[in-house]
Amino acid sequence: ALVDFDGRGHCRLEAGAAVVPEGRFGKGLRLERALSSTATVPLSLDKMPEEGTLEYWFAPDDVPQHIYVFGLLLAGDSDVLKLQADTSESLRLCWRKSEGTYDPQNSFACASAQSRDWFRAGQWQHVAMEWDQETVRLYVNGMLAGYSTDRPLPFFRTPSSIRLGTLFSVYAWSGSIDEVRLSRVRRHGPFVPLGAKWTALPVAAAEGPEPASAPARQAPPPDFAADRPKLLGQIP
């Protein structure tokens, strides 16, 4: 899927969202926090590819000081993957393991030095969420900002749409978005020479019972009288 707001791709505008001339490349999408505006890109997929990338450009009107949800992949009304700004001045990528609204989620946060320290009001940023059979990764402006090998990897359910903005008004934000792209390949990462063998990342093993350890030996009591001459022996 590719939506560039200049005519390629289909996007449904909601709650005051608008296409404006001031995009990153030509026209772009404009969201208003006061209106909780969003836009939805419909998807028609039998299943998500085993590896892929979701990426776009965005430019918030201000540097986030609280939680902003920038974008989500939805399966019906349930978000299966989302990118948000945290109150800790970091970016966080989250993905669901089950359908319950309040069920635990997998996530990892990118330190502010690798993400939001670079943000300026109205400045364009590029984010790319990438997955394969081993790892979920987040790239910010072309730089690997964080990754996780926690299972399950996305996606426990096939997404039906991309939501630009948030599901809840309290996490809404004002700003612009451009060049939304969903690919069936990993579009970012290190270049590997042709014929080279890719070294797989270590994957977290399933948790099991811890082996029983031998009982600790009790240390003998200190002998201060014997230790004192050793300490004084070097004094002239």
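The values are calculated or read from the model by the stated rules, or taken from the named source; none is laboratory data. Because the structure is predicted, anything quoted here is derived from the model rather than measured. Here the Cβ is made from the backbone with ideal geometry for all residues, glycine too, and neighbour counts use every protein chain on show. Please note that ligands, DNA and RNA were not included when accessible areas were found on the heavy atoms of the full protein model with its side chains. Shrake-Rupley method; radii C 1.70, N 1.55, O 1.52, S 1.80 Å.
Details
- For the residues PHE191, PHE156, the requirement of being at pLDDT below 90 and touching a Lys or Arg at 6+ places or on another chain (Cβ under 7 Å) singles out PHE156.
- Qualifying residue in segment 149-158 (condition: in a strand (DSSP E or B), in contact with a Ser or Thr (Cβ under 7 Å, 6 or more places away or on another chain) and open to solvent by 10 Å² or more (accessible area, probe 1.4 Å)): no
- Residue selected from segment 12-49 under the condition part of a strand (DSSP E or B) and open to solvent by 60 Å² or more (accessible area, probe 1.4 Å), by the criterion farthest from GLY76 (Cα to Cα): VAL19
- Residue, nearest to ARG163 (Cα to Cα), within segment 58-71, restricted to residues that are under 17 Å from the mean Cα position of the chain (by Cα) and open to solvent by 10 Å² or more (accessible area, probe 1.4 Å): ILE67
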